[in-house]
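So the structure is just underneath, and the comments pick up after that.
The values are calculated or read from the model by the stated rules, or taken from the named source; none is laboratory data. Quick caveat, the model's predicted, so the values are computed rather than measured. Reconstructed Cβ throughout: ideal geometry from the backbone, glycine too, with neighbour counts over all protein chains shown.
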Amino acid sequence: MLDGYGREADYLRISVTDKCNLRCRYCMPVDIETVPMSEILTFEEVAETVRAAASLGIKKVRITGGEPLVRRNVNGLIKMLKAVEGIEQVTLTTNGVLLPEYIDKLKEAGIDGINISLDTLDKEKYKELTGSDELDRVLGGIKTALKTDIPIKLNAVSLDLEDAFSLVEFVKDKALDLRFIELMPIGYGRDHRGIPHSILITSIMDRYDGAESDDTGYGNGPAVYYRIPGYKGRIGFISALSRPFCDNCNRIRLTTKGYLKSCLCYDTGVDLKGILRNGLPEDARKEKLCSGIKEAILCKPKSHCFISEDNISEKDPMSRIGG
Ligand code: SAM
Ligand code: SF4
């Protein structure tokens, strides 16, 4: 359906857990209080929400978190969502640590794409950045994932120029797109500064003769892509601050606590868990869920407010919202 500014909302991101096996310093640097299991939507509740959302035009769903693979049987949820009429794509964002163990189950569940997050290839920096020594497992996860026919993307938050250069070298012979993401002032991200993409894009592209922008046929996604001669995949930049993509924003977010958020930046939204657990019969519940989802879509703001940080009303950490 269309939001109040005429944008089609067809993409739902779902945080299935706020727990994580890493402690990325810009996301969850310390052990924070986690949402009790009783407050987290069950898979059946998530599926019920997705059925209602699909009836309103949601076509794509991304499972995220926290780390989605730490929630038991997340592949079972993927299977359930793949069966929902109207849902054309179910994808996953993961830090990759558990990917070697999970890849066959994800494939079997019918996953349509996996985004793996990796900000540095330097073992020591990885340890410092994530609080853990899991780089080799993540690299193993990428290798295993690339052996399947699942479309893979590598996402890196733009924190350090040298790390960015190494990542660009790393993907040369790999059939995947590498996307750099500008650090957003959400949650613990407020305490950190990344590299502005105005600098990063020129720094990377100046290193490669013949690198050129590739803006053909990739729809309204937030990334701007470039091609480097000899590369199998593309290099993309998601620049929420330098080049906001709010005019084409098509997404809403279901938090771990079952709150449907209209925009990453604001705490505006609708409590769907309250509707799911209000004891109404299924038909009446679906009707209420649909009006809740419509309300959240209709109150999507025109744009985010990352530039004027005082206006950011979202106080939850990224792990709970679902990055
Ligand atoms: N744990 C999974 C992972 O790391 O891919 C999924 C959840 S994580 C919150 C999703 C993505 O959000 C990751 O790529 C992470 O780097 C990114 N992220 C977290 N905090 C961010 C911030 N403040 N600005 C930009 N990206 C952020
Ligand atoms: Fe965990 Fe992902 Fe946040 Fe890192 S970015 S702490 S892996 S949820």
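Brief remarks follow.
- If only residues of segment 296-317 that are out of contact with any strand residue (DSSP E or B) (no Cβ under 9 Å at 6 or more places or on another chain) and β-branched (Val, Ile, Thr) are counted, the one that is nearest to residue 257 (Cα to Cα) is 312.
- Considering 119, 112, 104, the condition of being within 15 Å of ligand 2 (Cβ to nearest atom), at pLDDT 95 or above and of a type in the set (Asp, Glu) is satisfied by 119 alone.
- Against the list (1) in a helix (DSSP H, G or I); (2) over 16 Å from the mean Cα position of the chain (by Cα), the condition residue 78 fails is (2).
- Segment 116-156: number of residues that are part of a loop (DSSP other than H, G, I, E, B), within 15 Å of ligand 1 (Cβ to nearest atom) and in contact with a Lys or Arg (Cβ under 6 Å, 6 or more places away or on another chain): 1
- Condition met for residue 253 (within 16 Å of ligand 1 (Cβ to nearest atom) and either within 30 Å of residue 55 (Cα to Cα) or surrounded by fewer than 20 Cβ atoms within 10 Å (Cβ to Cβ) (or both)): yes
- Every residue from segment 281-323 that is away from ligand 2 (no atom under 16 Å from the Cβ), surrounded by 12 or more Cβ atoms within 10 Å (Cβ to Cβ), among the basic types (Lys, Arg) and closer than 15 Å to residue 264 by Cβ: 300, 302
- Residue 221 in contact with a Cys (Cβ under 8 Å, 6 or more places away or on another chain) and under 27 Å from residue 7 (Cα atoms): no
- All positions within segment 66-75 that are within 14 Å of ligand 2 (Cβ to nearest atom) and not in a helix (DSSP H, G or I): 66, 67, 71
- When we screen 70, 90 for residues that are free of Cβ contacts under 8 Å to residues at least 40 places away in the same chain, in contact with a Lys or Arg (Cβ under 6 Å, 6 or more places away or on another chain) and closer than 23 Å to residue 318 by Cβ, the only hit is 90.
- Count of residues meeting criterion [within 16 Å of ligand 2 (Cβ to nearest atom) and crowded, with 18+ Cβ neighbours inside 10 Å] in segment 168-190: 11
- The listed residue being in contact with a Gly (Cβ under 7 Å, 6 or more places away or on another chain) and either within 21 Å of residue 273 (Cα to Cα) or within 12 Å of ligand 2 (Cβ to nearest atom) (or both), out of 58, 32, 14: 14
- Segment 261-323 holds helices (runs of 4 or more DSSP H) entirely within its bounds, and those carrying 2 or more residues that are more than 20 Å from the chain's Cα centre (by Cα) map to 272-276, 282-298.
- Each residue in segment 33-58 was checked for being surrounded by 16 or more Cβ atoms within 10 Å (Cβ to Cβ) and modelled with pLDDT under 95, and 2 pass.
- Residue list for segment 12-29, restricted to those being under 28 Å from residue 297 (Cβ atoms) and either part of a loop (DSSP other than H, G, I, E, B) or among the hydrophobic types (A, V, I, L, M, F, W, C) (or both): 12, 14, 16, 17, 18, 27
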